[in-house]
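The values are calculated or read from the model by the stated rules, or taken from the named source; none is laboratory data. None of the values given here were measured: they were computed from a predicted structure. Every residue, glycine as well, gets a Cβ built from its backbone with ideal geometry; the counts of neighbours run over all protein chains shown.
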Amino acid sequence: MAVVLAKSAGFCFGVERAVDAVYRVLEEEEKKNPKDRLPIYTYGAIVHNEKIVENLESRGVHVLKSKEELKALEQGIVVIRAHGVGKDIYELLEKRGLKIVDSSCPFVRKIQKLVAEHSKAGESVIVMGDPEHPEIQGILGWGDGDVTALKGIEEVLCLPDGNGKKIFVVAQTTFHIDKFKTVLETFKKKGYHTSVINTICNATFERQSEAKELAGKSDAMVVIGGSSSSNTKKLYEICKAICPNTQLIQTVKDLKFNSDEAIRNVGITAGASTPKEIIEEVLTYVRNEF
Ligand code: F3S
């Protein structure tokens with residue numbers, strides 16, 4: 001059996017940068033005399049990976065789950081994760097005198113700035129992405145006027161006719177590129193005059209295209225990633241559409257191959273929050289066991 005691991009599998013640049021930032025802050029604090037150490041927090045889990053979050057928690061890095069928890073802090077260092085946060089959170093951190101380590105991904109920061117600028121200039125801004133996702137919530141937090149998040153094509157279809165209305169459109173970094181193209185065509189068909197900046201991250205695009213290519217050459221595909229990671233779920237959908245024998249697993253323990261199936265080529269890829277060790281574990285297992 002031939003096993004191919006996608007080159008783009010695993011942590012993207014933004015997540016790696018954010019995870020490294022937490023460990024760097026932690027190591028700096030651990031060098032200090034215990035009485036001088038500042039408590040460390042991350043605003044939301046730094047990565048959709050329970051193992052890493054648990055490891056950090058065991059070393060004293062706590063996850064803040066809400067703005068209310070942040071409001072209760074007296075002192076400490078707060079790391080902002082790659083998803084970024086709204087303007088209100090920066091204001092709150094400053095007001096409370098907390099030290100900020102900003103690990104917002106630069107690609108997300110770019111969207112936040114675009115939304116801030118275009119909405120301030122009086123334009124109607126559409127952000128294609130899941131309104132429940134923290135990245136989108138953070139982006140909306142930079143809006144200064146008419147800013148709407150739309151989850152997908154269904155929401156666009158429900159909009160009234162544009163009648164030439166001008167809209168500025170951006171997308172969540174992990175938005176599916178083909179879906180984004182369909183969304184833009186739909187806006188045009190509905191009579192909207194769109195000005196668009198493609199803010200879909202290259203890491204996602206590369207991971208998705210490589211997965212697509214690999215799925216086309218494989219009898220079975222394995223997608224590794226957390227159950228709450230949206231980019232992993234999207235990767236799974238892409239692979240499954242091309243290679244029906246695709247499975248989504250969190251760790252090697254979830255892996256299931258039907259021994260009756262004639263599998264010659266297995267492709268492996270992983271979402272942006274999947275650590276190297278987990279990918280290697282799966283790769284070694286598939287190579288040795290089948
Ligand atoms: Fe950033 Fe792209 Fe990753 S936006 S967090 S490098 S998926």
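What to note about this one:
- Some residue of the range 138-147 being under 20 Å from SER228 (Cα atoms) and surrounded by 15 or more Cβ atoms within 10 Å (Cβ to Cβ): yes
- Flag not set for GLY138, criterion: outside the structural domain of GLU91 (by TED's automatic domain parsing), within 28 Å of ILE46 (Cα to Cα), within 21 Å of the chain's Cα centre (by Cα) and in a loop (DSSP other than H, G, I, E, B).
- So SER104, is it out of contact with any Ser or Thr (no Cβ under 8 Å at 6 or more places or on another chain) and assigned to a loop (DSSP other than H, G, I, E, B): yes
- Among (1) more than 16 Å from the chain's Cα centre (by Cα); (2) assigned to a helix (DSSP H, G or I); (3) within 16 Å of the ligand (Cβ to nearest atom), the one test that VAL15 misses: (1)
- Checking each residue in the range 202-235 for being of a type in the set (Ser, Thr, Tyr) and farther than 11 Å from ALA270 by Cβ picks out THR204, SER209, SER218, SER227, SER228, SER230.
- Just so you know, in the range 66-85 the residues that are within 28 Å of LEU114 (Cβ to Cβ) and in contact with a Gly (Cβ under 9 Å, 6 or more places away or on another chain) include one that is farthest from the ligand (Cβ to nearest atom), and it is VAL85.
- Tally, over the range 66-85, of residues that are farther than 17 Å from LEU26 by Cα and either surrounded by 13 or more Cβ atoms within 10 Å (Cβ to Cβ) or in contact with a strand residue (DSSP E or B) (Cβ under 9 Å, 6 or more places away or on another chain) (or both): 8
- Whichever residue in the range 238-280 is surrounded by fewer than 16 Cβ atoms within 10 Å (Cβ to Cβ), more than 16 Å from the ligand (Cβ to nearest atom) and in a helix (DSSP H, G or I) and, among such residues, is modelled with the lowest pLDDT: GLU277
Yes/no per residue for (1) hydroxyl-bearing (Ser, Thr, Tyr); (2) touching a strand residue (DSSP E or B) at 6+ places or on another chain (Cβ under 8 Å); (3) within 16 Å of the ligand (Cβ to nearest atom):
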position	(1), (2), (3)
LYS87	no, no, no
PRO106	no, no, yes
ILE111	no, yes, yes
ILE126	no, yes, no
PRO134	no, no, yes
GLY143	no, yes, no
THR148	yes, yes, no
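- ASP130 being in a loop (DSSP other than H, G, I, E, B) and more than 16 Å from the ligand (Cβ to nearest atom): no
- Considering only residues in the range 92-103 that are in contact (Cβ under 8 Å) with a residue 60 or more places away in the chain and of a type outside the set (A, V, I, L, M), the one that is farthest from the ligand (Cβ to nearest atom) turns out to be LYS99.
- Test set (1) touching a strand residue (DSSP E or B) at 6+ places or on another chain (Cβ under 8 Å); (2) in the same structural domain as HIS118 (by TED's automatic domain parsing) - ILE177 fails condition number: (1)
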